[in-house]
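Trainee: Below are the structure tokens for one structure; questions will follow.
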Amino acid sequence: MDIQNERTRLLDEEENRDGDPTGLISEQDAYLSKVKNRNLYLATLASVLGPMSFGFVLGYSSPAIPELTRIADPRLRLDADQASWFGSIVTVGAAAGGLLGGWMVGKIGRKLTLMFCSLPFVFGFTLIIAAQNVWMLYVGRVFTGVASGVTSLVVPLYISEMAHERVRGLLGSCVQLMVVLGIMGVYLAGLYLDWRWLAICSSIPPTLLMVSMCFMPETPRFLLSQGKRREAVEALRFLRGPDAPVEWECTRIESACNEQGSGFQMSDLKDPGVYKPLVIGVMLMVFQQMTGINAIMFYAENIFEQAHFKESDLASVIVGLIQVVFTGVAAVVMDRAGRKMLLIISGVFMAISTTAFGVYFNIQSQAGVEPHADLSWLALASMAVFITGFALGWGPIPWLVMSEIFPSKVRGVASAVCVLTNWSMAFLVTKTFQDMMGLLTSAGTFWLFASFCILNVVFTIAFVPETKGKTLEQIEATFRGTSGP
């Protein structure tokens, strides 16, 4: 067979290097030079309709809440407390969705989990469209939250297990890029559509997700973990193109799966290849939420108003556009600059901007009720720097690293813990934000966020490994302290 002959040739080249430590890298290069990425990009495009749906869910409350607080029908009209719950209850559903997704990806696979999560998206938005009272709105938001939680877990896993090491950073970053594209899309649609039509519009991406994923493969790693070698080879051939000797990659993945065994056991937590990445993954999620991203977005409309930017709806679109542009920049440079460097740069940007925010609010409080008009530029500049920094690193990279660092047998469970941590922290920060403002003052709250941004940088330098250019098996070997396959 041509494939077997090609594999033999690659192995012979390695043997002829007489122990050259660069042999493995050269063998990978020889293999990757024959890979065609067209179908890999198509599969990624289909899967990231999930994060786009997730972005529509996150962004929906911003244009919908002002309408629902003024609506004529008293059964649907939201007061201030109900509006707060309408916005934040999504995080409760998403935390539950993270746990559900962790179970589903191990039982039915990455592809079917991704297809099924489109159902609560569509059902949730259907409930909102047909809502006759506030509780129907709440339940609809919970269902879309559950779908968002499942999506935020399964899509990074699906992409990382499909992609090879040369493009995994680029494709993995597309998850966050599509989230912010979804947020900006719903902001734009909100300029022209009422809340019901906006919900109809928001149900389109998950419907397309269900249809498009029918034509995409399951990940080779999951298939091999289930003993389905023939299907895994077919999936690899689809993803790598007809010229790549996929038997070589299949054998490498299969060896790693055989070494790990199958199924998560509590005793696995004693393994440094499990507990080390788990601690790093959880801490990345905690630090992501403690950067103050929700506080900045909460204050965005007030900041624009203080800067005499009257069109607050348009201001939200501008914020979304900044996120899209710099998340796109992060995706392009991810596989060159590396994850660690971008996290450090991102943390420094956010530490500077949240410190400046604290200065702004401190001066404002000393000046009395009326803000310093001359200092409105400081708030605008701080917000722009913060959003830029977040989009470059701490927005996309925690999700990308989460999908890369766990061994395949615990990937579902460990990712579920990380997703649960992220959404629980998001809920905690959102619901306690006003209390923090009262206890610490606005300036003190933002200086607290600045302190966490500095801790982000220290944690990244000390503990986060660089995963750029490494196979998932090599990353696992790094944590175990062994040489990678």
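Trainee: Check Leu24, Leu76, Leu99, Leu32 and return the single one that is at pLDDT below 85, more than 21 Å from Arg237 (Cα to Cα) and surrounded by fewer than 21 Cβ atoms within 10 Å (Cβ to Cβ). Steps first, please.
Mentor: Values: Leu76 fails: at pLDDT below 85; Leu99 fails: at pLDDT below 85; Leu32 fails: more than 21 Å from Arg237 (Cα to Cα).
Residue meeting the stated conditions: Leu24.
Trainee: Any residue in segment 211-229 that is polar (S, T, N, Q) and under 30 Å from Leu76 (Cα atoms)?
Mentor: So the first thing to find is which residues in segment 211-229 are polar (S, T, N, Q), and the list is 212, 219, 225-226.
From what's left, under 30 Å from Leu76 (Cα atoms): none.
No.
Trainee: For segment 367-389, state whether one or more residues are among the charged types (D, E, K, R) and not in a helix (DSSP H, G or I). Walk me through how you get there before you give the answer.
Mentor: Let us first name the residues in segment 367-389 that are among the charged types (D, E, K, R), namely 370, 374.
Those left that are additionally not in a helix (DSSP H, G or I): 370.
Yes.
Trainee: Looking only at segment 306-358, which residues are more than 24 Å from Leu284 (Cβ to Cβ) and at pLDDT 90 or above?
Mentor: Ala356
Trainee: While we're on this one: Sort out for me the helices (runs of 4 or more DSSP H) sitting completely within segment 72-140 that have 2 or more residues that are more than 15 Å from Arg196 (Cβ to Cβ) and over 22 Å from the mean Cα position of the chain (by Cα).
Mentor: Numbers: elements: 80-107, 110-116, 118-129.
Output list reads 80-107.
Trainee: Residues being outside any helix (DSSP H, G or I) and touching a residue at least 12 places away in the same chain (Cβ under 8 Å): count how many of those fall in segment 453-485. Even if it seems obvious, please write down each step before you answer.
Mentor: Kept after step one, since they are outside any helix (DSSP H, G or I), are these residues of segment 453-485: 464-471, 481-485.
Restricting the remaining residues to those that are touching a residue at least 12 places away in the same chain (Cβ under 8 Å) gives 464-471, 481, 484-485.
Of the residues in segment 453-485, 11 are outside any helix (DSSP H, G or I) and touching a residue at least 12 places away in the same chain (Cβ under 8 Å).
Trainee: Return yes or no: is Arg237 in contact with a Cys (Cβ under 8 Å, 6 or more places away or on another chain), under 24 Å from Leu45 (Cβ atoms), buried (at least 18 other Cβ atoms within 10 Å of the Cβ) and of a type outside the set (A, V, I, L, M, F, W, C)? First the steps, then the outcome.
Mentor: Working: in contact with a Cys (Cβ under 8 Å, 6 or more places away or on another chain): no; under 24 Å from Leu45 (Cβ atoms): yes; buried (at least 18 other Cβ atoms within 10 Å of the Cβ): yes; of a type outside the set (A, V, I, L, M, F, W, C): yes.
No: the conditions fail for Arg237.
Trainee: When you scan segment 186-197, do you find a residue that is among the small types (Gly, Ala, Ser), farther than 17 Å from Thr471 by Cβ and buried (at least 22 other Cβ atoms within 10 Å of the Cβ), even just one?
Mentor: Checked against the condition, which is being among the small types (Gly, Ala, Ser), farther than 17 Å from Thr471 by Cβ and buried (at least 22 other Cβ atoms within 10 Å of the Cβ), segment 186-197 yields at least one hit.
Trainee: Something else now. Please go through segment 323-339 and give me each residue that is surrounded by fewer than 19 Cβ atoms within 10 Å (Cβ to Cβ) and more than 15 Å from the chain's Cα centre (by Cα), ordered by number.
Mentor: Answer for segment 323-339, where residues must be surrounded by fewer than 19 Cβ atoms within 10 Å (Cβ to Cβ) and more than 15 Å from the chain's Cα centre (by Cα): Val325, Val329, Val332, Val333, Arg336, Ala337, Gly338.
Trainee: When you check Val429 against the structure, is it touching a Lys or Arg at 6+ places or on another chain (Cβ under 6 Å) and touching a residue at least 24 places away in the same chain (Cβ under 8 Å), yes or no? Please lay out each step first, then the result.
Mentor: Details: touching a Lys or Arg at 6+ places or on another chain (Cβ under 6 Å): no; touching a residue at least 24 places away in the same chain (Cβ under 8 Å): yes.
In short, no.
Trainee: Could you check, for segment 430-444, whether at least one of its residues is among the aromatic types (Phe, Trp, Tyr) and either surrounded by fewer than 24 Cβ atoms within 10 Å (Cβ to Cβ) or within 28 Å of Ile89 (Cβ to Cβ) (or both)?
Mentor: Of the residues in segment 430-444, the ones among the aromatic types (Phe, Trp, Tyr) are 433.
Then drop every residue that is not either surrounded by fewer than 24 Cβ atoms within 10 Å (Cβ to Cβ) or within 28 Å of Ile89 (Cβ to Cβ) (or both), which leaves 433.
Yes, segment 430-444 has at least one match.
Trainee: Further question: For segment 145-161, indicate whether the set of residues that are in a loop (DSSP other than H, G, I, E, B) and either touching a helix residue (DSSP H, G or I) at 6+ places or on another chain (Cβ under 9 Å) or of a type in the set (A, V, I, L, M, F, W, C) (or both) is non-empty.
Mentor: Taking segment 145-161 first, the residues in a loop (DSSP other than H, G, I, E, B) are none.
There is no residue in segment 145-161 that is in a loop (DSSP other than H, G, I, E, B) and either touching a helix residue (DSSP H, G or I) at 6+ places or on another chain (Cβ under 9 Å) or of a type in the set (A, V, I, L, M, F, W, C) (or both).
Trainee: Quick one: would you say Ala450 is over 23 Å from the mean Cα position of the chain (by Cα), farther than 26 Å from Phe54 by Cα and touching a residue at least 12 places away in the same chain (Cβ under 8 Å)?
Mentor: Working: over 23 Å from the mean Cα position of the chain (by Cα): no; farther than 26 Å from Phe54 by Cα: yes; touching a residue at least 12 places away in the same chain (Cβ under 8 Å): yes.
Taking the combined requirement at face value, the residue does not satisfy it.
Trainee: While we're on this one: Could you tell me whether any residue of segment 403-425 is assigned to a helix (DSSP H, G or I), modelled with pLDDT of 90 or more and over 17 Å from the mean Cα position of the chain (by Cα)?
Mentor: No, segment 403-425 contains no residue that is assigned to a helix (DSSP H, G or I), modelled with pLDDT of 90 or more and over 17 Å from the mean Cα position of the chain (by Cα).
Trainee: Moving on to the next point. Please verify whether Ala232 is part of a helix (DSSP H, G or I), more than 17 Å from the chain's Cα centre (by Cα), assigned by TED's automatic domain parsing to the domain that holds Tyr60 and not hydroxyl-bearing (Ser, Thr, Tyr), treating the condition exactly as stated. Walk me through how you get there before you give the answer.
Mentor: Values: part of a helix (DSSP H, G or I): yes; more than 17 Å from the chain's Cα centre (by Cα): yes; assigned by TED's automatic domain parsing to the domain that holds Tyr60: no; not hydroxyl-bearing (Ser, Thr, Tyr): yes.
It is false that Ala232 is part of a helix (DSSP H, G or I), more than 17 Å from the chain's Cα centre (by Cα), assigned by TED's automatic domain parsing to the domain that holds Tyr60 and not hydroxyl-bearing (Ser, Thr, Tyr).
Trainee: Something else now. Identify, from the list Ile183, Ile204, Ile129, the residue that is over 26 Å from Leu239 (Cβ atoms) and crowded, with 20+ Cβ neighbours inside 10 Å. Please lay out each step first, then the result.
Mentor: Details: Ile204 fails: crowded, with 20+ Cβ neighbours inside 10 Å; Ile129 fails: crowded, with 20+ Cβ neighbours inside 10 Å.
Going through Ile183, Ile204, Ile129 in turn, just one is over 26 Å from Leu239 (Cβ atoms) and crowded, with 20+ Cβ neighbours inside 10 Å: Ile183.
Trainee: Taking the condition farther than 24 Å from Thr219 by Cβ and either surrounded by fewer than 17 Cβ atoms within 10 Å (Cβ to Cβ) or in contact (Cβ under 8 Å) with a residue 40 or more places away in the chain (or both), does Ala83 pass?
Mentor: Values: farther than 24 Å from Thr219 by Cβ: yes; either surrounded by fewer than 17 Cβ atoms within 10 Å (Cβ to Cβ) or in contact (Cβ under 8 Å) with a residue 40 or more places away in the chain (or both): no.
Here the answer is no, as Ala83 does not meet what is asked.
Trainee: Could you tell me which of the residues Ser346, Ser403, Ser382, Ser365 is in contact with a helix residue (DSSP H, G or I) (Cβ under 9 Å, 6 or more places away or on another chain), among the small types (Gly, Ala, Ser), in contact (Cβ under 8 Å) with a residue 40 or more places away in the chain and over 17 Å from Pro465 (Cα atoms)? Walk me through it before giving the result.
Mentor: Working: Ser346 fails: over 17 Å from Pro465 (Cα atoms); Ser403 fails: over 17 Å from Pro465 (Cα atoms); Ser382 fails: in contact (Cβ under 8 Å) with a residue 40 or more places away in the chain.
Among Ser346, Ser403, Ser382, Ser365, only Ser365 is in contact with a helix residue (DSSP H, G or I) (Cβ under 9 Å, 6 or more places away or on another chain), among the small types (Gly, Ala, Ser), in contact (Cβ under 8 Å) with a residue 40 or more places away in the chain and over 17 Å from Pro465 (Cα atoms).
Trainee: Out of all the residues in segment 211-234, which are crowded, with 24+ Cβ neighbours inside 10 Å and β-branched (Val, Ile, Thr)?
Mentor: Hit for segment 211-234 is Thr219, nothing else.
Trainee: Among the candidates Thr91, Thr69, single out the residue that is touching a Phe, Trp or Tyr at 6+ places or on another chain (Cβ under 9 Å), at pLDDT 85 or above and either farther than 23 Å from Thr251 by Cα or not assigned by TED's automatic domain parsing to the domain that holds Ser203 (or both).
Mentor: Details: Thr69 fails: touching a Phe, Trp or Tyr at 6+ places or on another chain (Cβ under 9 Å).
Step by step, each of Thr91, Thr69 is checked, and only Thr91 is touching a Phe, Trp or Tyr at 6+ places or on another chain (Cβ under 9 Å), at pLDDT 85 or above and either farther than 23 Å from Thr251 by Cα or not assigned by TED's automatic domain parsing to the domain that holds Ser203 (or both).
Trainee: A follow-up question, please. List every residue pair whose Cβ atoms lie under 6 Å apart, where the two residues are 6 or more positions apart in sequence or sit on different chains, the first residue falls within segment 238-258 and is not assigned by TED's automatic domain parsing to the domain that holds Glu476, and the second residue, located anywhere, is of a type in the set (S, T, N, Q) and part of a helix (DSSP H, G or I).
Mentor: From residues that are not assigned by TED's automatic domain parsing to the domain that holds Glu476, the pairs are Phe238/Asn39; Leu239/Asn39; Cys257/Ser225.
Trainee: Quick one: Ile461 ticks every box in (1) under 29 Å from Thr478 (Cβ atoms); (2) surrounded by 15 or more Cβ atoms within 10 Å (Cβ to Cβ) except a single one, so which number is it?
Mentor: Every condition holds for Ile461 apart from (2).
Trainee: Residue pairs, Cβ under 8 Å, 6 or more apart or interchain, first in segment 144-170 and touching a residue at least 40 places away in the same chain (Cβ under 8 Å) and buried (at least 24 other Cβ atoms within 10 Å of the Cβ), second of a type in the set (Asp, Glu) and part of a helix (DSSP H, G or I). List them.
Mentor: Ser160/Glu404; Arg168/Asp335; Arg168/Glu404; Gly169/Asp335
The values are calculated or read from the model by the stated rules, or taken from the named source; none is laboratory data. Computed from a predicted structure; not experimentally measured. A quick note on method: Cβ atoms are made from the backbone with ideal geometry, for glycine too, and the neighbour counts reach across all protein chains shown.
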